[in-house]
Each structure stands twice: as structure tokens, then as C-alpha cells.
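Here is the structure we will look at.
The values are calculated or read from the model by the stated rules, or taken from the named source; none is laboratory data. Computed from a predicted structure; not experimentally measured. Cβ atoms come from the backbone with ideal geometry, glycine included; neighbour counts cover every protein chain shown. Quick note on the areas: whole protein, heavy atoms, side chains included, nothing else; ligands and nucleic acids left out. Shrake-Rupley method; radii C 1.70, N 1.55, O 1.52, S 1.80 Å.
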Amino acid sequence: MTPRSLILAVESSCDETAIAVVEDGSRILANVVASQVAMHAASGGIVPEVAARAHLRWIVPVFDEAWAAAGATWDDISAVAVTEGPGLAGSLLVGINFAKTLAYVHGKPLVPINHLEGHLYAAWLADETREVAEPIFPLVALIVSGGHTFLVEMRDHLQYRLLGETVDDAAGEAFDKVGRLLGLPYPGGPAIMAAAAEATRHDVVFPRAWLGDTFDFSFSGLKTAARRTIATETDGHGTAIGESALTADRVAELADGFQESVVDVLVTKALRAARQIGAKSVVLGGGVAANRVLRDRLAAGARGAGIPLVVPRPALCTDNGAMIGAAGARRWAAGSRAGLDLDARPSLPLARR
Ligand code: KG4
Ligand code: ZN
């Protein structure tokens, strides 16, 4: 158990401005997320400069709403936790400077958090609807987001051994790119999931990159295969958002074939890793973990192997402040502190092999 704590957490690494107040690393008192998705949909992707300006515009209103919802006083707050990386430098700096200001003005310790550790610790946020209360060590965690895809082994809190990672695109990035090729709106992940759910035929089969018996992933070959198929079927005509040269039925079938390929590889490798290390639980996290087919397939496989799966509800899989508060409580208890010279670390890794 961590000592009793109330953590104010700030997350601004990509395109969500998010602030939360979390008690003891698990109970969410407030969790406010301002998403820039609608704004970036117009450009079909994130423009870093635009994202940073939007964080600046929204961070104070997001804080005000979270603070009012939490019903806490500054005397109750143990520390201010903030994402230091990985992410977009300009976006990270907005959250970091805001968190520094709060920590300085209120005399609180500043705790730097790795965004990927946040995705992992989302599994420790309280959820009464789950079979198991919290992850059990040793565990295997599969983190799949827009920028990262990796498998880690954890034998204790804050201890990671990298089992494998993507050698090219992240799974979410592949969803986003293929979504664009199919003429679906940004971000591609939820759009592909929705389109695939409409598929009545399931006979599109895209390749799977197994990379031997490693726990590494590769999605660029799949993306190229999808691009070739789409180009052939549209006679080389490009697809603009909402204006695909493909019929809606065909978009659904291709989305289904693509999603199946990604999910198959992710689930197979995660379960093999879990068996190999003798895991007592499997954790799934990151934005792509909001995918219903991935969640269901991994849950079924884990059940078959007799290993409980812990996956946060979808809103806690995509970027949010509560996950930074969950990791923040552990890091605070372990004595992690940053000075007011804390800088953004855009390429910060979670773990090495
Ligand atoms: O973790 P996240 O919110 O931000 C990063 O840290 O990158 O992940 C965003 C990624 C995007 O690529 C998005 O398309 C994907 O997660 N995503 C999904 C779903 N919801 C979000 N991918 C597949 N199915 C979904 N339902
Ligand atoms: Zn993320």
C-alpha cells in the first residue's frame, strides 16, 4: 500500500488537455479531459503548433473544472504530478509549466511522470465492475497507443523489463493511417472499429508480421498491404475524408480485415508472453485498448489461459489525467521529485531490454 495521498495530475503530452485529482492512486475525485480531436479532424491529424496553442487555451478552464469537482483544499494535496514525456515538446511544456506554477505557489512537491507509465497505472484505478480489483504480480502489460506499442514484464511496482516493442509504426498510428486511406475521419482507431462492426462478410485477410518468436511488432507491412489493396480497388483514385471511392460495405470489410490482423498479432504475442513468464495477470492499456474487439479477444484468451485480464474502461485507456495521478501516487511514495528546472522529454522510454 502507498501512504495516503491526494495527487493533482496534469497531462498534456499529445492532443488532450487533462487534469485529475486521484486519491491513493486509485480513487478518482475529478478527471477532466478537453479533447482536441474535433479540431485536428479538420486537418486529418495533429499539427504540433496548433496542439500546443490549444493546450494553452484550455489548461486553466480544465483545471478550474477539475478543482471544483474534486472538492479538495490545497492542504489535502500531497503532490503535483505531471507528464514529462514522451510526447510533443510544445504540448508537454504547457502542462509542465502549469504544474510547476501550482507546485511553487502552493509549496507542493513536483513529481515527473512517464506518460507510458500512466497508461500502465490506469489499470490500478478503481473499477467496481471488474472481476479482479487490481493487477497481480508478476504481470505482462501490453501498451498500445498512437505513438507506442510494447510488451513489458512487471514483477513489482515501478519495475519494468521490456519484452518487445514495435520496430516501425505503433498500432494506433497504423489505425490512423489506414483510416485515412479508407476515407474515414480522424482519429482512425474509433472510426475503423465502428466501420468494422458493420461488416457482414469477414473474408478480407491482410498479412500478419510475426517476426519469428520475438515479442516485437511490425505494422508497416500491413499498412502497405492495405494501401495496395485500396489503390487497386479504387483504381488509384485517392480517398478524401468522407469521400471514399469504395462502397460503405467494402470500407467495412477492409476495416474488419485490417483490425483482425492487428488484434490477432497483439493478442497472440501478449498471451504467449504471459505464459512464458508465468504471469498471474495481464494488463492492457493505451488508446488502442479502447478497441472493443481487442478487449474482448484478449479477455477470452486470458480466460482460456486462466490468467485474469485487467483493462481500464475505454475513457481511461485514451489519454487522461487520472492515469497520471495513479502513477503519480506510486512515484510520490517512492520519492520521485523534480525541480523547477524540469524540462520536456519528448522521447523518454519506459523501459529497456
Ligand atoms: O493513448 P492515446 O490516447 O494517445 C497516445 O498516447 O498516443 O492513443 C491514441 C490512439 C490513436 O491512434 C487512436 O486512433 C487510437 O488510440 N484509438 C483506437 C481506439 N480509440 C482510440 N484504436 C482502435 N480502436 C479504438 N476504439
Ligand atoms: Zn497516450
- When the range 281-325 is checked residue by residue, the ones that are within 13 Å of ligand 2 (Cβ to nearest atom) and within 15 Å of residue 266 (Cβ to Cβ) are 285, 286, 287, 288, 289, 290, 317
- Task: Answer yes or no: is there a residue in the range 110-129 that is over 18 Å from residue 331 (Cα atoms) and either touching a Phe, Trp or Tyr at 6+ places or on another chain (Cβ under 8 Å) or within 16 Å of ligand 2 (Cβ to nearest atom) (or both).
- Result: no
- Scan the range 218-230 and report the pairs whose first residue is small (Gly, Ala, Ser) and whose second residue is part of a helix (DSSP H, G or I) and open to solvent by less than 20 Å² (accessible area, probe 1.4 Å), with Cβ atoms within less than 8 Å and a gap of 6+ or a chain change. 220/174; 226/178; 226/254; 226/258
- Do the conditions hold for residue 49, that is, is it closer than 27 Å to residue 332 by Cβ and either more than 16 Å from ligand 2 (Cβ to nearest atom) or in the same structural domain as residue 79 (by TED's automatic domain parsing) (or both)? no
- Item | residue 133 being among the hydrophobic types (A, V, I, L, M, F, W, C), within 19 Å of residue 289 (Cα to Cα) and within 14 Å of ligand 1 (Cβ to nearest atom) | no
- Item | helices (runs of 4 or more DSSP H) contained in the range 292-353 and holding at least 3 residues open to solvent by less than 50 Å² (accessible area, probe 1.4 Å) | 292-304, 322-333
- Identify all residues within the range 191-223 that are open to solvent by 50 Å² or more (accessible area, probe 1.4 Å) and of a type in the set (S, T, N, Q); write none if there are none. 200, 214
- Query: Among (1) open to solvent by 20 Å² or more (accessible area, probe 1.4 Å); (2) away from ligand 2 (no atom under 16 Å from the Cβ); (3) acidic (Asp, Glu); (4) under 19 Å from the mean Cα position of the chain (by Cα), which single condition is residue 153 missing?
  - Reply: (1)
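For the structure I just gave you, tell me whether residue 281 is under 20 Å from the mean Cα position of the chain (by Cα) and more than 30 Å from residue 8 (Cα to Cα).
No, not satisfied.
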- Identify, by number, the condition in (1) part of a loop (DSSP other than H, G, I, E, B); (2) open to solvent by 30 Å² or more (accessible area, probe 1.4 Å) that residue 250 doesn't meet. (1)
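How many residues are open to solvent by 10 Å² or more (accessible area, probe 1.4 Å) and either outside the structural domain of residue 20 (by TED's automatic domain parsing) or under 23 Å from the mean Cα position of the chain (by Cα) (or both) if we restrict to the range 66-85?
Of the residues in the range 66-85, 1 are open to solvent by 10 Å² or more (accessible area, probe 1.4 Å) and either outside the structural domain of residue 20 (by TED's automatic domain parsing) or under 23 Å from the mean Cα position of the chain (by Cα) (or both).
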- Message: Considering only residues that are in a loop (DSSP other than H, G, I, E, B), of a type outside the set (D, E, K, R), touching a strand residue (DSSP E or B) at 6+ places or on another chain (Cβ under 7 Å) and away from ligand 1 (no atom under 16 Å from the Cβ), which ones fall in the range 107-127?
- Response: 109, 126
- Query: Got a number for residues in the range 326-353 being within 20 Å of residue 67 (Cα to Cα) and within 15 Å of ligand 2 (Cβ to nearest atom)?
  - Reply: 2
- Message: When the residues of the range 5-42 are narrowed to those that are touching a residue at least 60 places away in the same chain (Cβ under 8 Å) and surrounded by fewer than 16 Cβ atoms within 10 Å (Cβ to Cβ), which ends up nearest to ligand 1 (Cβ to nearest atom)?
- Response: 37
